Amino acid sequence: MMYVFNRNGVCLLYREWNRSLRTLNAQQDHKLMFGLLFSLKSLTAKMDPTSVEKGNLGVPQLTGQGCSFHSFRTNTYRLSFMESPSGIKIILVTHPRTGDLRESLKYIYNLYVEYVVKNPLYSPGMPIRSELFNMTLDQYVRGLG
Amino acid sequence: MAAIYSLYIINKSGGLIFHKDYGSAGRMDTNDSLRLASLWHSMHAISQQLSPTLGCSGIELLEADTFDLHCFQSLTGTKFFVVCEPGTQHMEGLLKFIYELYTDYVLKNPFYEMEMPIRCELFDINLSQAVQKDRVALLGR
């Protein structure tokens, strides 16, 4: 599955290719996902053992400030995360044995820039409804798997 | 040299019962470590909810830019997690070993109350030995 969020927590895109279990409805699922990532970022920034100056837990971090996580793994899935400097968060949920997907996330971000941002009819903050983007994304992800 | 930065043990309700720091830069006071532990407990639970398939048992490994966090959850819900350098090997084995030390020196201690902070000398001693041995073994490789 894939999620794209903007800096306000609006889910711009949700794609699913293979999901056998849905515990919550779509809205709650997106909110929970965004909340989880926000808190995890806050946790990693605070828990960072190499930084000397740490902010307080719960203070919203500016994009790029503080240590951020890029991936976590459970026994049933692996979640890879990337945040762009503008606050666009791209999340990929894959099989647990998938390797490091940071390059793929960068590639997907580039696709986003090409097909979505450069589209004159797209306004930032609105859900993405670009057929071309979806198609290219599907092709790329099928190629990955 | 692969280094362990710190170790935390959380009881099944999410309260921190043990915390040991092996060398992270920057001071972290007790309140902060308590908050972090509870936060981790909740994140662990939420990650189970978001699983696309059945049978998820929570986050086992979190990879960040400057550190990795390995977590082991026992069958009773007690969580052991260790913050280490990125790419450190054999943390799963170490966590299982720490779990064995926990059962031997903490749970079998008749004066230890369940879910309370751990204050067992023997546990501390053996834990330091295990972590040192790990370091030496990794250095030797």
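The values are calculated or read from the model by the stated rules, or taken from the named source; none is laboratory data. Predicted, not measured: the structure shown is a model, and the values here were computed from it. Quick reminder, even Gly has a Cβ in these numbers, built from the backbone with ideal geometry, and neighbours come from all protein chains shown. We work out accessible area using only protein heavy atoms, side chains counted, and drop any ligands, DNA or RNA first. Shrake-Rupley method; radii C 1.70, N 1.55, O 1.52, S 1.80 Å.
Would you check which residues across segment B:61-73 are acidic (Asp, Glu) and open to solvent by 50 Å² or more (accessible area, probe 1.4 Å) and list them? The answer is B:Asp65, and nothing else.
Test each condition in (1) buried (at least 19 other Cβ atoms within 10 Å of the Cβ); (2) touching a His at 6+ places or on another chain (Cβ under 9 Å); (3) not β-branched (Val, Ile, Thr) for B:Ser51 and report the one that comes out false. All conditions are met except number (2).
Here B:Leu138 clears all of (1) at pLDDT 85 or above; (2) open to solvent by 40 Å² or more (accessible area, probe 1.4 Å) except the condition numbered (1). Can you find a residue in segment A:87-96 that is free of Cβ contacts under 8 Å to residues at least 60 places away in the same chain, more than 14 Å from chain B (Cβ to nearest Cβ) and either of a type outside the set (Val, Ile, Thr) or open to solvent by less than 10 Å² (accessible area, probe 1.4 Å) (or both)? Within segment A:87-96, none of the residues are free of Cβ contacts under 8 Å to residues at least 60 places away in the same chain, more than 14 Å from chain B (Cβ to nearest Cβ) and either of a type outside the set (Val, Ile, Thr) or open to solvent by less than 10 Å² (accessible area, probe 1.4 Å) (or both).
Scanning segment B:52-77 for residues that are in contact with a strand residue (DSSP E or B) (Cβ under 7 Å, 6 or more places away or on another chain) and of a type in the set (S, T, N, Q), which turns out nearest to the other protein chains (Cβ to nearest Cβ)? Checking each candidate, the answer is B:Ser57. Within segment B:1-20, the residues that satisfy the criterion of being within 14 Å of chain A (Cβ to nearest Cβ) and either touching a Cys at 6+ places or on another chain (Cβ under 7 Å) or at pLDDT below 85 (or both) are B:Ala2, B:Ala3, B:Ile4, B:Tyr5. Restricting to segment A:68-112, count the residues that are over 17 Å from B:Asp68 (Cβ atoms) and part of a strand (DSSP E or B). Residues that pass the stated criteria total 8. Please tell me if B:Ala45 is of a type in the set (A, V, I, L, M) and assigned to a loop (DSSP other than H, G, I, E, B). Criteria not met by B:Ala45. Take A:Ser86 and tell me if it is touching a Lys or Arg at 6+ places or on another chain (Cβ under 9 Å) and modelled with pLDDT under 85. In short, yes. Is it the case that B:Pro86 is more than 30 Å from A:Lys31 (Cα to Cα), in a loop (DSSP other than H, G, I, E, B) and at pLDDT 85 or above? Against the criterion (more than 30 Å from A:Lys31 (Cα to Cα), in a loop (DSSP other than H, G, I, E, B) and at pLDDT 85 or above), B:Pro86 does not qualify. Given the structure, is B:Glu92 touching a Ser or Thr at 6+ places or on another chain (Cβ under 9 Å) and touching a residue at least 12 places away in the same chain (Cβ under 8 Å)? Judged against the criteria, B:Glu92 is not a match. Which of the residues that make up segment B:21-48 are of a type in the set (Ser, Thr, Tyr) and either open to solvent by 40 Å² or more (accessible area, probe 1.4 Å) or more than 7 Å from chain A (Cβ to nearest Cβ) (or both)? Residues satisfying the conditions are B:Tyr22, B:Thr30, B:Ser33, B:Ser38, B:Ser42.
Of all the residues in segment A:7-40, those that are more than 11 Å from chain B (Cβ to nearest Cβ), in contact with a helix residue (DSSP H, G or I) (Cβ under 7 Å, 6 or more places away or on another chain), buried (at least 17 other Cβ atoms within 10 Å of the Cβ) and in contact (Cβ under 8 Å) with a residue 24 or more places away in the chain number 1. Scanning segment A:97-113 for residues that are within 14 Å of another protein chain (Cβ to nearest Cβ) and open to solvent by less than 10 Å² (accessible area, probe 1.4 Å) turns up just one, A:Leu105.
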